[in-house]
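The structure appears below as structure tokens.
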């Protein structure tokens, strides 16, 4: 379910234009930048306790003000630009220079345990503006603005398109006010623009993490946004959230594919004492206005078993043999209940090929108490299918351990 704190403004292609009467003088631009700099100064001056994940109400207000004046400044600038042959490097320079943005990153001083003075210059630090062409829609310009918060960053995405000789803002994607830092759009932030296969209408895919101070684990949000007639009510084609490991480098990779898009993260393995983290691939294809998860979801057979066991049955069933769905669902439910007790740990055993059927494999999973479990699967082109699960090994799968060194 979409978090209530999200504030998203996505205009339709017929969105209202920026004010045509915008004054484009150097003095007007300077005034607009001064408004941003004053708002940022208030943020930088906010006193907060070291590693405090809560966001005081006054800081919440300052963050909201900072985003509003930043969006106004960018829109003011874009309203004054010609729509033909825009130079994104020049736009980025022109936006960053008056705001003193895109400077070398400033690291906060090391904490001094003998001092109990609140920290300043945390919120609003390291202001960064990144301007790019927006993937498939070459005439779109995407402007990503981010600034520091406690233990991370908050990010706002603004997208502009040329309409009737003017740049019009068609997307403003940001968080709403948040009481703790996990409400920010940070940790990582990525976006791509893909096209619907029939209408060729672009949609924006955005993925971001949720910052935190003390844990290597957090939750990411994945949103696919289509245009809507009501600028304040975007058409959310897809929203998904799931856990991921923040310490992986990089923590996430979002990219376009020939069929849609793909997000790669790392998550805890079912055999976490043995492997700790394993890759998870979220691949989506678009069919009309609908998105559905497709393969690949894993990088190898053992990884597939890991992902299959931890996925919802709604997803896992799509990767399961249709002739054995009932027994596989029983096994999936049983394993999920067993894992949730927290009383059993697992280790992966050998992964063996089945010589008489080269596309088939058997993956052993050993609980710390009880008998091993054997999962048999078939490999396809960039895909795997779960065939069966049993407490006894298949004697036909007696090949060498394919994962002995891993």
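What to note about this one:
- Qualifying residue in the stretch 191-211 (condition: assigned to a loop (DSSP other than H, G, I, E, B), touching a helix residue (DSSP H, G or I) at 6+ places or on another chain (Cβ under 8 Å) and in contact (Cβ under 8 Å) with a residue 60 or more places away in the chain): yes
- Count of residues meeting criterion [modelled with pLDDT under 95 and out of contact with any strand residue (DSSP E or B) (no Cβ under 7 Å at 6 or more places or on another chain)] in the stretch 356-387: 9
- Residues located in the stretch 316-328, provided they are in a helix (DSSP H, G or I) and either over 29 Å from the mean Cα position of the chain (by Cα) or modelled with pLDDT under 95 (or both): 322, 323, 324, 325, 326, 327, 328
- Any hit, the stretch 230-243, residues being buried (at least 19 other Cβ atoms within 10 Å of the Cβ), at pLDDT 95 or above and either touching a helix residue (DSSP H, G or I) at 6+ places or on another chain (Cβ under 9 Å) or within 29 Å of residue 364 (Cα to Cα) (or both): no
The values are calculated or read from the model by the stated rules, or taken from the named source; none is laboratory data. Bear in mind that the values here come from a model prediction, so they are computed numbers and not experimental data. Glycine gets a Cβ as well: all are built from the backbone with ideal geometry, and neighbour counts include every protein chain shown.
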